[in-house]
Amino acid sequence: MSTVIAILVLGVLAALFGALLGYASVRFKVEGDPLAEQLDALLPQTQCGQCGYPGCKPYAEAVANGEAINKCAPGGEDTIKKIADLMGVEVQPLDENHETDNTPKVAFIIEEDCIGCTKCIQACPVDAILGTTKQMHTIIADECTGCDLCVAPCPVDCIEMIPVATTTQNWQWDLDSIPVVQVD
Amino acid sequence: MESVIERIHKGHFSHFHGGIHPPEQKFLTCTKPIASAQIPEQLTIPVRQHIGQAGDIIVAVGDKVLKGQALSASDSPMQLPVHAPTSGTISAIKASVIPHPSGLSETCIIMKPDGEDTWCKRKICPDYELLSKGQILEKIANAGIAGMGGAGFPTQVKVGTLAKIEYLIINAAECEPYITADDLLIQEHSPTVLDGIKILDHLLAPKNILIGIEDNKSKAIDTLKKATADIEHIHVCVIPTKYPSGGEKQLIKILTDQEVPSGVLPSSLGIVMQNVATCFAIADAVINDTPLIKRVVTVSGQALEKPQNTWALIGTPVGFLTQNCGYKNKQHKHLIMGGPMMGFSLSNDQIPVIKSTNCILAPSEEEIASPYSTGTKEVECIRCGQCADVCPAQLLPQELQWSAKAKDQQQLTNLNLFDCIECGACAYVCPSQIPLVHYYRVGKAEIRQQKLLDIKAEKAKVRFEARKKRLEREKIARAEKHKKAAEARKARMNSGTSEAKTEKSAVAAALARVKAKKAQSSTDKNASPQESGNEQVSDQKSQVANAIARAKAKKLAQKAQLTDVQTPKNDSDTTKVDTKEASAKPKSENAPVTDKKAKVAAAIAKAKAKKLQQAKKTDDSVAKLPETKTDNDVNAALTDVKETAASPAQDKKSKVAAAVAKAKQKAKAKADAKAKTDNPVELTAKSQAKSATAKKEASPTPVEVIEVVEVVEESDSISAELPKQSAAELKKAKIAATVAKAKQKAKAKAATKNKTEKPTDLSSDETDDSISKKQEKPTSNNDNSANKELTAPVTKNSIKAKAAKLTKAPKQSAEELKKAKIAAAVSKAKANAKAKKLAKQSQTESNSENSEQKDDAKANEASASEIKKARIAAAVAKAKAKKLAADATKSQTSE
């Protein structure tokens, strides 16, 4: 008799929790791929395409589906480490094909040389270039991600990548720096 | 529970956590009066001296400015203007090193004082209570006042708060061990400081004003107490000396026993804190209309002979101040801006004093070791926990240190790194001499940077997504537009108007054309019976073989051209290829087909001949030899023509014909000479027949003459075996003919003019001359002179001019003729190629499918139609060429 009660009780409990879980899975269904979203948040969003994907989000989706985690050159080691932590995989060195220095840069158009071809505007992934046909173009430095994509299409090579200047706003304390002393 | 005020009156103060008691060094300066401001040789005024954005510079290099004149303007609360500390000239506006731990440069206005110290116009306001709050705030903002305790927060923002203020706290604690600037300011300028406090009281209307001052400033306390004795709600709070009681949160805790939560402004608790020096500046600005152009700076340290407080103009180089105080250490300059606990080392002594500079420290090496002179003494953390004991913000410094070293930003944030006030108490007590505050600063900077990057990344993401959407939209819009346009077109065409009809018919015609082309190409492809695939293959093969043969011939021709062109071996080789090609083709029974083939062969031969001719041009002697040979023949022909000529008009025409005939004959002769090696009988017969037709066709109009020339050309080329030289010769002959023609005309003119008795003889003579001139250049001079003699009666000048013309004309005509011929040849070659293809097809068909006669017949039919087409095309081309030639002759005659 007691075994029957036990079975009954456990059976009822199982049915109850089953129903609860079933309801929860419907009620709290998450739209989209949360992992890809999280990965996307870790990527630097330069949209440079160096990873071989047309933007950061496609790469995040690819990583979520098993792509190598070490293809983000602008993110560098830090980003790889973060992705590795999130994915629970080993940290890998940056893919050799993508070895670039990831000092932050900003594109700059030498405006005297610009012929107004709009090729760079079409190449810019974040619409950070102002200008129109046969008019001089210029870069909105604040919006530029330094992705380099506008440099190649320029027929007159008037786009330069300039490292972001250190100001008191973005200066980092450097413990190991040798203090500058004026010798007089 | 006793109220805050009661407690203060009793002298009971609460305590903040931790704190240290560094050795007092205020005695160095606290007894000496404030030295008056000296004007240095140069002032460097950073445009941005506060927290916020720099104002817009409103002066230019070379401008003369007066003391107190604004150098920059602000249009937002977080922008503050800067002012000229004295009168002088702006010598430069450039980036210069600013007082910042980084030692980086920012835009500065460099000024050269004129020493006169002339004030600009000021409006003294004796009664600030008449001013509205807005006016006072404006005055404060225009004076460029920022917090002078060290942080440099814009004062008008702080005092412009709308929150209900319970306590206005005046910070006179001055807890840093060396600094006595506020102490001295209170001692010497308490009325002005009190005015400032009153103005703030007027602005903020707090319930109570608490002046927090450490108990080590007895003189200042006395002065303040005396000054504020009659004001009930101002309480001078003498607090025990402890570092860092001057910190905002710490002082609030001490005085009001309230803790300001992390990330909350004191104003939300009803508390506003202002520095004593700021109060002084506010009073100066509101009452005396004096902007913030100078401040009290403590210049102290054991490296100085006479450390003291001094008034310093904003922009004064710190080196100027230390020099005035007798700086001894010339070798290893080590200057600290700010106090020893929170200050930073300066990279050079030309860095200017700014609004928030309260102290310049020039310590001796024993006092504070220079960071450059000694190596790092830092050793491992021993986990003693002293740092946590002294932390006024109740943080865990050693844990923070580990996280900072590991760059674990998440953990640093969790440990509330941003509540650290960087007071340096932890580093002061650290037995391992770990520069803890530096680690925190690095950590803070990194987190700030990361935040900026995150914001930027988010922005980039948004923009990237927006762009993607935009591109998608544009794509759809484009597709829509195209669709609409197509529909509009359709609607227009179906509307029934005459325009629509024409458009429709045009479209229909185009469609029909396309269809016809398709059908044709399909017949081309499937001209052979559709059933067997073999034929198509063989067809292709034969085409390939043909192409190979052609390529070979071309190569050989090139070779011949490269090597000696005249060597008979090469010649015969190429001709052999020609004959092979030619003989390989005419196998089919149909007469038109063979005809076509012969023509194709001729075209190829012609092309080759042209090439050879080009090569030959280099070799004159060879070309001349046969020409001289044919002279006799030409003469004979000429006499023939002469005889047949009757009237002068006909004479002209006949002469042209004669010239043509002559040329032909020449060509023939040469052909004969060459052809003797091959099969002379056929050749001569053919060319003779052709020449006969040419003669027949030598009828009146010049256009026809050209035609004749062309016919001759054709006849020449048709005989495939004809040596290549003949083409070249033919050309020459033609040129000669045109020359003759031109001369003839000239002569005729001359004849009418001079009424010479024997125009025909003369002209014939001349044609002879011209020919000889063409052929034998060295003798042409003599001939010309003879010519002149003949026409002696005519004025010599006209003859000369004519002669010049004559020499020019043939050149032009020759060119034009050449062009026309080339055009004709090209079109012919095209037509021939088509015909050849068809012929090949039919040939292969007939060869491979002898048994199936039906199919054969069909194929023949098809090929016949194609041949017809090709012929028509050829005819059209010829007509065109004729036209061109006619034009050429016309232009020639007009000349």
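The residue that is nearest to B:G160 (Cα to Cα), among those in segment B:95-107 that are touching a Lys or Arg at 6+ places or on another chain (Cβ under 9 Å) and outside any strand (DSSP E or B), is B:I98.
Of all the numbered requirements in (1) more than 27 Å from B:G246 (Cα to Cα); (2) crowded, with 20+ Cβ neighbours inside 10 Å; (3) touching a His at 6+ places or on another chain (Cβ under 7 Å), B:I209 misses one, and that requirement is (1). Within segment A:43-84, the residues that satisfy the criterion of being within 12 Å of B:K461 (Cβ to Cβ) and either surrounded by 21 or more Cβ atoms within 10 Å (Cβ to Cβ) or away from chain B (no Cβ under 14 Å) (or both) are A:L43, A:P44, A:Q45, A:T46, A:Q47, A:G55, A:C56, A:A60.
Of all residues in segment B:46-94, those that are part of a loop (DSSP other than H, G, I, E, B), closer than 19 Å to B:D289 by Cα and among the hydroxyl-bearing types (S, T, Y) total 3.
Residue-wise test of (1) more than 30 Å from A:P74 (Cβ to Cβ); (2) modelled with pLDDT of 95 or more.
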position: A:T3; (1), (2): yes, no
position: A:L8; (1), (2): yes, yes
position: A:G11; (1), (2): yes, yes
position: A:A14; (1), (2): yes, yes
position: A:A19; (1), (2): yes, yes
position: A:S25; (1), (2): yes, no
position: A:F28; (1), (2): yes, no
position: A:L35; (1), (2): no, no
position: A:L39; (1), (2): no, no
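Filtering segment B:468-503 to residues that are of a type in the set (K, R), farther than 28 Å from A:D127 by Cα and within 40 Å of the chain's Cα centre (by Cα) leaves B:K483, B:K484, B:R489. Of all residues in segment B:178-202, exactly one satisfies the criterion of being touching a Lys or Arg at 6+ places or on another chain (Cβ under 7 Å) and surrounded by fewer than 24 Cβ atoms within 10 Å (Cβ to Cβ), namely B:Q187. Within segment A:121-138, if we keep just the residues that are of a type outside the set (V, I, T) and within 14 Å of another protein chain (Cβ to nearest Cβ), the residue that is farthest from B:L471 (Cα to Cα) turns out to be A:L130. Take the conditions (1) aliphatic (A, V, I, L, M); (2) surrounded by 10 or more Cβ atoms within 10 Å (Cβ to Cβ); (3) outside any loop (DSSP other than H, G, I, E, B); A:I5 misses just one of them, which is (2). Is there a residue in segment B:452-464 that is away from chain A (no Cβ under 13 Å) and modelled with pLDDT under 90? No, segment B:452-464 contains no residue that is away from chain A (no Cβ under 13 Å) and modelled with pLDDT under 90. For B:I455, the conditions (1) aliphatic (A, V, I, L, M); (2) part of a loop (DSSP other than H, G, I, E, B); (3) free of Cβ contacts under 8 Å to residues at least 24 places away in the same chain are fulfilled apart from (2). Can you tell me which residues in segment B:409-443 are in contact with a Phe, Trp or Tyr (Cβ under 8 Å, 6 or more places away or on another chain), in a loop (DSSP other than H, G, I, E, B) and free of Cβ contacts under 8 Å to residues at least 40 places away in the same chain? B:C420, the sole residue that qualifies. For segment A:139-173, the candidate set comprises residues that are over 18 Å from the mean Cα position of the chain (by Cα) and among the acidic types (D, E); within that set, the residue that is nearest to the other protein chains (Cβ to nearest Cβ) is A:E160. Taking the criterion of being crowded, with 23+ Cβ neighbours inside 10 Å, under 58 Å from the mean Cα position of the chain (by Cα) and more than 25 Å from B:T192 (Cα to Cα), the only residue of segment B:250-299 that qualifies is B:Q250. Residues in segment B:131-157 that are over 13 Å from B:H202 (Cβ atoms), modelled with pLDDT of 85 or more and more than 48 Å from the chain's Cα centre (by Cα): B:M148 alone. Against the numbered list (1) surrounded by 13 or more Cβ atoms within 10 Å (Cβ to Cβ); (2) part of a helix (DSSP H, G or I); (3) β-branched (V, I, T), A:V26 comes up short only at (1). Within segment B:217-249, the residues that satisfy the criterion of being crowded, with 20+ Cβ neighbours inside 10 Å and in contact with a Ser or Thr (Cβ under 7 Å, 6 or more places away or on another chain) are B:T223, B:L224, B:I234, B:V236, B:I239.
For B:K469, the test of being within 13 Å of chain A (Cβ to nearest Cβ) and at pLDDT below 90 is failed.
The set of residues in segment A:99-117 that are within 14 Å of another protein chain (Cβ to nearest Cβ) and in a loop (DSSP other than H, G, I, E, B) comprises A:N102, A:T103, A:P104.
Results for (1) under 25 Å from B:M337 (Cα atoms); (2) modelled with pLDDT of 90 or more; (3) of a type outside the set (A, V, I, L, M, F, W, C), shown as yes or no for each residue.
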site	(1), (2), (3)
B:I51	yes, no, no
B:S74	no, no, yes
B:L80	yes, yes, no
B:I93	yes, yes, no
B:S102	yes, no, yes
B:T107	yes, yes, yes
B:M111	yes, yes, no
B:D114	no, yes, yes
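Is it the case that segment B:306-315 has a residue that's assigned to a strand (DSSP E or B), within 30 Å of B:L137 (Cα to Cα) and out of contact with any Leu (no Cβ under 9 Å at 6 or more places or on another chain)? Among the residues of segment B:306-315, at least one is assigned to a strand (DSSP E or B), within 30 Å of B:L137 (Cα to Cα) and out of contact with any Leu (no Cβ under 9 Å at 6 or more places or on another chain), which makes the answer yes. May I ask you to say which residue of B:L400, B:L395 is part of a loop (DSSP other than H, G, I, E, B), more than 14 Å from chain A (Cβ to nearest Cβ) and either of a type outside the set (G, A, S) or under 23 Å from B:F344 (Cα atoms) (or both)? None of the others qualify; the one that does is B:L395.
Kindly indicate which of B:I58, B:I169, B:I90 is over 44 Å from the mean Cα position of the chain (by Cα) and in the same structural domain as B:L210 (by TED's automatic domain parsing). Answer to the selection: B:I169. Among the residues of segment B:431-447, is any over 34 Å from the mean Cα position of the chain (by Cα), surrounded by 14 or more Cβ atoms within 10 Å (Cβ to Cβ) and more than 14 Å from chain A (Cβ to nearest Cβ)? Scanning segment B:431-447 turns up at least one residue that is over 34 Å from the mean Cα position of the chain (by Cα), surrounded by 14 or more Cβ atoms within 10 Å (Cβ to Cβ) and more than 14 Å from chain A (Cβ to nearest Cβ).
The values are calculated or read from the model by the stated rules, or taken from the named source; none is laboratory data. What you see is a predicted model; the values in this text were computed from it and never measured. Positions of Cβ are generated from backbone atoms using ideal geometry, with glycine treated the same way; all protein chains shown enter the neighbour counts.
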